């Protein structure tokens, strides 16, 4: 595994019998930051899709979008998701566009569990400091784009096994809530 997911700090063994925990939310919800904390708290490896794709391709996500296009980026996400099927026991933060493809979700769920980090578009945009270098938000109305994303992803977000409102909590507190709610699922 160390050769496959080199952007991750390997903490736990990858056990295909233990489901992944997938963290989702609008850009700015904190899935990457919270994912690292959840991984530490549960002694499980954390994998950030964007960091791993950037490592594999050798360029930032915005550059991948700009030079190769969104379809090429989505193909990289698919490859990474297919690889994850052979593993388990990881905390995973895919990009928001990953959620738009039900086939990708179905590759991991079930048995994977999903945790939704809920944040309003206005708060997400403020956390990002504007478009935040996110290719899909680099448009004249980033707030409108986030609002549309929320509408388009609402059904997937609402299907999550765990939901945590993140606006008034620190990333550590969000991680604590996720760990608490995950334990209650068992």
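No value in this document is a laboratory result; all are computed from the given coordinates. Keep in mind that this is a model prediction, so the values were computed, not measured. All Cβ positions, glycine included, derive from the backbone under ideal geometry; neighbour counts span all protein chains shown.
FRET efficiency for residue 41 and residue 127, Cβ-Cβ distance as r, R0 = 25 Å, nearest 0.05? Approximately 0.70, to the nearest 0.05.
Overall, the ratio between the Cα radius of gyration of the stretch 21-168 and 2.2 N^0.38 Å, rounded to two decimals, is 0.99.
Working from Cα pairs under 8 Å separated by at least six residues, relative contact order for the stretch 21-168 is 36 percent. Take the Cβ atoms of residue 120 and residue 75, set R0 to 45 Å, and the FRET efficiency comes out at 0.90. Modelled spin-label separation between residue 67 and residue 181, with each label point placed 7 Å from Cα along the Cα-to-Cβ direction: 3.9 nm. Based on the Kirkwood approach, the hydrodynamic radius assigned to the stretch 140-186 is 12.5 Å, with every pair of different Cα atoms included.
With the highest mean first, a sort of the peptides 41-49, 155-163 on other beta-carbon atoms found within 10 angstrom per residue produces 41-49, 155-163.
Note on residue 107 and residue 172: their simple-model spin labels are 3.6 nm apart, each label 7 Å out from Cα toward Cβ. Using the average count of surrounding beta-carbon atoms within 10 Å as a protection proxy, the listed peptides 90-100, 165-175 rank, highest first, as 90-100, 165-175.
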